[in-house]
Structures are given as C-alpha cells and as structure tokens.
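Reading through the structure tokens given below for one structure.
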Amino acid sequence: MSYDFDLFVIGGGSAGVRCARIAAGHGAKVAIAETRFWGGTCVNVGCVPKKIMVQAAEYGAWMQDAAGFGWDIPPGATHDWARLAQARDREVARLSGIYGRLLGGAGVTTFDGYAKFAGPHSVTVNGQTVTAERIVIAVGGNAVRPDIPGGELALISDDLFTLPALPRRVVMLGAGYIALEFAMLLRGLGAEVDVIYRADLPLRGFDDDIRNAMVEALEAAGIRHHAGQGLRAIEAAGDARRVILADGTVVEADAVIAATGRRPALAGLELAAAGLAPDARGALSVDGAHATSVPHIYAIGDVTDRVNLTPMATAVGHALADTLFGGNPRQASYQNVPSAVFTDPPIATVGLTEHEAALAGPTDIYVARFTPMRHTMSGRARKTLMKLVVDARTDRVLGAHVMGDDAAEMLQGFAVAITAGATKADFDRTIGIHPTMAEEFVTMRTRTRQVGLTPAL
C-alpha cells in the first residue's frame with residue numbers, strides 16, 4: 001500500500017521533534033504536526049523559562065550573601081518582573097524557532113495545527129487527511145486543576161509565564177518538584193508563599209533524607225508549609241483568593257497555583273478511529289519498543305506517563321527513529337535516569353533511594369551533611385546533604401542523592417559512573433577536587449547505617 005509519509009508524528013515537543021528529525025536523517029519521508037508551540041512544554045512553559053526565573057531569584061540571594069565576602073550592596077535593590085519577563089520570552093522564542101528550523105533543515109514536512117486520527121494509518125490536520133505507514137503519538141501532558149469547588153480559580157504552571165506582575169501572596173497547591181520550584185523562585189523574587197500538600201513530607205518518590213531536608217529548606221526560606229492538608233474549596237474575594245483547607249483553616253492569597261499533577265494530553269485525538277484507548281491511568285500503554293496495541297502506532301514521552309523528563313523523552317524518540325529507519329534497533333534505558341529539582345538549594349538524584357534498595361537486600365548508606373564554605377562566609381542557614389546508597393553484597397553504588405548548591409551540575413558526572421556500574425571502592429580510590437562539595441562523594445569512608453534484610457536462602 002502507498003502512503004503519503006513513512007512516518008507521521010503527532011506533537012512537536014522534545015520527543016516528537018527528535019524522533020521526526022532523526023527519522024528524516026535516516027532517509028524517511030516524515031511529517032509532524034504541532035498545535036500550540038514548537039518545542040513543547042519544556043521550551044515554552046516548562047524547563048527553560050522556569051530555569052531562567054530560578055536564576056533570577058538566585059541573583060537576589062547572592063546580593064544578600066555578598067556582604068559576607070566584603071561587598072557593600074546598596075540598600076533598596078528591587079526586581080523588575082516585566083523586564084525579566086521580556087528577556088525570558090525572547091529567549092523562549094529564540095529556542096522555539098530553532099526547533100522549527102531544525103525540522104525544516106532535516107526535510108520534515110510541518111503542519112501547524114491539531115492532528116487527530118481518521119483511521120489506523122491516517123490523520124486529519126487543518127481539514128487535510130494524510131496517510132502514513134507508521135504514526136508516533138508524542139503529545140505530552142497537561143497540568144490539571146484541583147477537582148474541588150472553585151478549582152477553576154486556580155492557575156496552573158503554564159500561567160506563571162503570562163502573569164503581568166509578581167503576585168505578592170501565593171498559595172502553591174502540591175509539593176512535587178514543580179510546586180516546590182515555583183514556590184521557591186516566587187519566594188526568592190519577593191512573594192509571600194504558602195505550600196499546601198496532603199502528604200506528611202514533600203517530594204513524594206524522592207529519598208527520605210532529601211525529603212526531610214526539603215522541609216528545613218522551606219522553613220529557612222520563610223515559606224509556610226501545610227503538610228497533611230486536603231483542600232475544601234477556593235473562593236474569590238474580589239481580586240484575591242481564599243483557600244479553605246480540610247480542617248477549616250483559611251489562607252488568603254493574590255494567586256493560587258495548582259501543581260498537583262499532570263495528565264496525558266489525549267483529548268481530541270480520536271484514538272478510537274485508530275483502534276486505541278487510554279489505559280486506567282489515562283495514558284497510552286506501550287511495549288518495550290514503545291509500540292501501542294496497534295503495532296504500527298507508537299507513543300513516546302509524557303503521554304506514556306513513565307519517566308516524565310525531557311531528556312528521557314528525547315532519548316526514546318531518538319532510539320525509536322534509529323530502530324524504525326536507521327537499521328539500529330535499540331531502546332533507551334529507563335534505569336538510573338538522573339533528575340534535578342531546581343529549588344533553593346537545588347536537588348539532584350540518580351538511581352535507587354534508600355527505601356528502594358533496602359527492599360532488595362542489605363544496603364550500606366553513607367550520608368554527609370555540612371555547611372558549605374560559601375555559607376560559612378555568607379551566614380546563610382543552609383546545609384548540604386550528600387548520600388550514597390551501596391549494595392552491601394556487591395559494593396556497587398546503586399544511588400546518589402545531593403541537596404546543595406550546583407547539585408545538578410555535580411551529579412551529572414556521577415550519573416555516568418553509576419550507569420557504568422561503579423563500586424564504592426571505585427569512588428574511594430578517586431581523588432577529590434579540593435575544595436569542592438563534590439569531593440565529599442569520594443571521601444565518605446564511614447558507613448552511616450546498614451538497612452535491608454539479607455534474603456532468605
């Protein structure tokens with residue numbers, strides 16, 4: 001059968017663009033459709049603009065810290081939200097444009113519009129129906145608002161980047177990495193912030209030592225956190241908002257931002273026309289090769305709700321293109337995926353948590369907690385936490401976790417070592433770079449504790 005394209009990609013975010021571009025480079029005839037903005041969430045309303053705003057908040061903290069190093073900073077320094085927004089948006093537009101140019105340079109046909117299925121091998125976009133031998137769904141996910149009375153009054157993460165001014169009082173709903181990044185950057189830019197979450201600790205899924213350290217960091221930043229609290233309702237009070245907690249407590253704010261979850265953006269795709277349906281999680285289930293239940297239709301990125309990180313999505317998209325059109329069948333590994341949380345201080349992690357490792361058997365835990373040199377001088381109440389999780393039977397390092405300045409930059413290299421199977425002995429015989437915080441990872445000699453039970457024979 002003859003098709004208009006060898007591959008049609010639905011979604012122009014990180015996963016879709018990488019898959020389309022690499023497939024075209026292998027000689028395939030490729031088309032891609034995007035309805036909102038090229039580059040997807042990460043470039044436009046996620047990683048990139050968020051990191052720029054995190055850095056803006058960091059400069060404010062550095063000004064405060066400078067006095068400890070002999071600098072006289074004039075009092076009364078203020079931040080210009082509008083000027084930051086203009087500079088941020090210029091950079092976002094530049095990067096989004098690069099995505100479009102990369103596709104054009106690779107010979108990919110682009111459609112600016114919403115694509116939906118018209119059949120197992122066909123999609124309709126802008127009123128035009130085209131066919132493809134293979135189709136990739138890479139539509140990402142959307143933030144959701146809380147399902148409570150007045151939930152529609154809450155902003156979502158996307159809205160942060162269109163606010164005309166800094167809200168002076170902010171309530172952040174949720175305590176995952178998005179919620180805490182936003183809470184801390186807004187606090188750093190001058191807002192009063194309350195964080196409300198159901199769990200006992202923030203950052204569900206992270207190592208417990210990191211989670212406990214984050215509680216201290218929130219308090220040190222002057223962020224009020226309300227743990228173990230459900231929501232009853234959000235009410236309008238003129239231009240302000242009243243957030244009513246499950247116990248009846250009322251928190252007033254100028255803006256309420258919900259960061260309580262995201263769901264795959266499958267609405268409107270007409271999946272049934274292709275013989276597909278979401279699974280119980282609202283995502284698309286795939287096999288090891290990222291094929292859906294219809295073998296020639298694939299799903300990659302956040303729409304599968306696996307490891308929802310941009311580098312993971314691009315790696316999967318690249319591997320799929322190599323497999324389908326490059327004569328190089330391979331899969332991107334979901335093991336030992338490093339990640340970072342750009343809070344203040346930032347967090348980075350790779351591999352297993354203490355709890356996960358302990359479930360598999362005896363595990364040696366090494367923990368260092370100290371005030372870094374910078375903050376012995378600045379006087380800022382900030383501790384660095386560094387942790388190694390080691391298999392007691394094989395000496396292999398199973399996980400590394402750090403909370404402190406430059407955590408993400410530090411851990412990228414250690415992620416290579418852990419992925420390569422490095423042992424604690426390999427760490428120990430590595431010479432540290434002094435004076436750095438990173439050297440602590442290769443100088444931790446005293447085991448803090450051993451956890452986990454030896455499996456029965």
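Each reported figure results from applying straightforward, stated rules to the coordinates on display, with no laboratory input. On a predicted model such as this, the values are computed, not experimentally measured, just so you know. Neighbour counts run over all protein chains shown; Cβ positions are idealised from the backbone, glycine included.
Each 5 Å bin from 0 upward holds the following percent of the Cα-Cα pairs of the stretch 1-141: 2, 10, 17, 16, 13, 9, 8, 6, 5, 5, 4, 3, 2, 1, 0.
Protection proxy ranking for 225-238, 353-366, using the average of other Cβ atoms within 10 Å per residue and placing the highest first: 353-366, 225-238.
Among Ser157, Ser2, sorting on how many other beta-carbon atoms sit within 10 Å of each Cβ, with the fewest leading, yields Ser2, Ser157. Taking a straight Cα-Cα cut-off under 12 Å and skipping sequence neighbours fewer than 8 places away in the same chain, the aspartates and glutamates within cross-link reach of Lys29 are Asp4, Asp6, Glu133.
Counting charges near Ile433 (Lys, Arg +1; Asp, Glu -1) among other residues having Cβ under 14 Å from its Cβ returns a value of -4. The H on the amide N of Val193, modeled in the peptide plane, is under 5 Å from the matching H of Val170, Arg224, each at least 5 residues off or on a different chain. Computed extension length for Ala277-Asp428: 49.3 nm, one decimal, from 0.36 nm per residue of separation with the Cα-Cα distance subtracted. Charge tally for Thr376 (other residues, Cβ to Cβ under 12 Å; Lys, Arg +1; Asp, Glu -1): +3. Over the chain, the reciprocal of the mean inverse Cα-Cα separation, the Kirkwood hydrodynamic radius, stands at 24.0 Å.
In the stretch 223-348, the alpha-carbon atoms span a convex hull of 180 Å³ per residue. Across all directions, the average flat footprint of the convex hull enclosing the Cα atoms of the stretch 345-450 is 6.4 nm².
Take the Cα atoms of the stretch 398-457, build their convex hull, and give its volume per residue in Å³.
Normalising the Cα hull of the stretch 398-457 by residue number yields 118 Å³.
Mean projected area of the convex hull spanned by the Cα atoms of the stretch 151-260, taken over all viewing directions: 6.4 nm².
Overall dimensions of the stretch 77-213, expressed as equivalent-ellipsoid semi-axes from the Cα gyration tensor (√(5λ), whole Å, largest first), are 37, 22, 16.
Net charge around Ala319, counting only other residues with Cβ within less than 14 Å of its Cβ (Lys, Arg = +1; Asp, Glu = -1)?
+2
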